[in-house]
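The values are calculated or read from the model by the stated rules, or taken from the named source; none is laboratory data. The structure displayed is predicted, hence computed values, not measured ones. Counting neighbours? That spans all protein chains shown, and the Cβs are built from the backbone with ideal geometry, glycine included.
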Amino acid sequence: MGMAPGLVVRPGVFVTLGAMFQDRAVAILKTQDMAETIRWYTAAGFELRDQFPGDDPTWCEVARDDLVVQFLAGDTPWPGAPSMTGCLYIYPASVAAIHAELSGVIDLEWGIEDRDWGRRELVVRDPNGYFLTFAQDATEEPTPE
């Protein structure tokens, strides 16, 4: 993979600048197992946009639909194990299609649910413990049986 234009924040840690010029937020999260994180996210249909260094990465960027996430391993500015008290939302064209795509590929935290606030959601948890919620307007397609 080629190097995207970026910034070295300290020796061995590279952060891409490409996403900074787009109208979106990019989460950067801690991982203790970069290889497993990359394996899980690519199995979950994310595109591995870049990783650094190439032979034993301590940084990577993955993307799917409207979500971009960077992961940092090794010596990070955050003490302790990875943790987050929330979730990351992804807005695909069809939650039912995501459910069909991911069933049997990764563990689904819970199946498709129509929530009281008008969203249809499917939740997964990555190997770091982070929750990702695939969501759409509940009126966009019928609930799968």
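Of all the residues that make up the range 77-91, how many are outside any strand (DSSP E or B) and of a type outside the set (S, T, N, Q)? Break it down into steps so the answer makes sense when it comes.
Going through the range 77-91, the residues outside any strand (DSSP E or B) turn out to be 77-86, 91.
Narrowing the set further to residues that are of a type outside the set (S, T, N, Q) leaves 77-82, 84, 86, 91.
Residues in the range 77-91 being outside any strand (DSSP E or B) and of a type outside the set (S, T, N, Q): 9 in total.
The residue pairs whose first member lies in the range 33-56 and is under 17 Å from ASP75 (Cβ atoms), whose second member is surrounded by fewer than 12 Cβ atoms within 10 Å (Cβ to Cβ) and of a type in the set (Ser, Thr, Tyr), and whose beta carbons are closer than 9 Å, counting only pairs six or more residues apart or on different chains, do not exist in this structure. Mind checking which residues of the range 101-119 are free of Cβ contacts under 8 Å to residues at least 12 places away in the same chain and not in a loop (DSSP other than H, G, I, E, B)? Of everything in the range 101-119, those that are free of Cβ contacts under 8 Å to residues at least 12 places away in the same chain and not in a loop (DSSP other than H, G, I, E, B) turn out to be SER103, GLU113. Whether any residue in the range 113-120 is at pLDDT 95 or above, outside the structural domain of ILE28 (by TED's automatic domain parsing) and in contact with a Gly (Cβ under 9 Å, 6 or more places away or on another chain) is what I want to check. Taking every residue of the range 113-120 in turn, none turns out to be at pLDDT 95 or above, outside the structural domain of ILE28 (by TED's automatic domain parsing) and in contact with a Gly (Cβ under 9 Å, 6 or more places away or on another chain).
Please tell me if GLY74 is part of a loop (DSSP other than H, G, I, E, B), exposed (fewer than 11 other Cβ atoms within 10 Å of the Cβ), more than 14 Å from the chain's Cα centre (by Cα) and modelled with pLDDT under 95. First the steps, then the outcome.
Values: part of a loop (DSSP other than H, G, I, E, B): yes; exposed (fewer than 11 other Cβ atoms within 10 Å of the Cβ): no; more than 14 Å from the chain's Cα centre (by Cα): yes; modelled with pLDDT under 95: yes.
Criteria not met by GLY74.
If you go through the range 45-71 and keep only what is surrounded by fewer than 19 Cβ atoms within 10 Å (Cβ to Cβ) and outside any strand (DSSP E or B), you end up with GLY45, PRO53, GLY54, ASP55, ASP56, THR58, ASP65, ASP66.
State all residues of the range 120-134 that are crowded, with 18+ Cβ neighbours inside 10 Å and assigned to a strand (DSSP E or B); if no residue qualifies, say none. It would help to see each step written out before you state the result.
Taking the range 120-134 and keeping what is crowded, with 18+ Cβ neighbours inside 10 Å, we get 120-122, 124, 126, 128, 130, 132-134.
Within the range 120-134, ARG120, GLU121, LEU122, VAL124, LEU132, THR133, PHE134 qualify.
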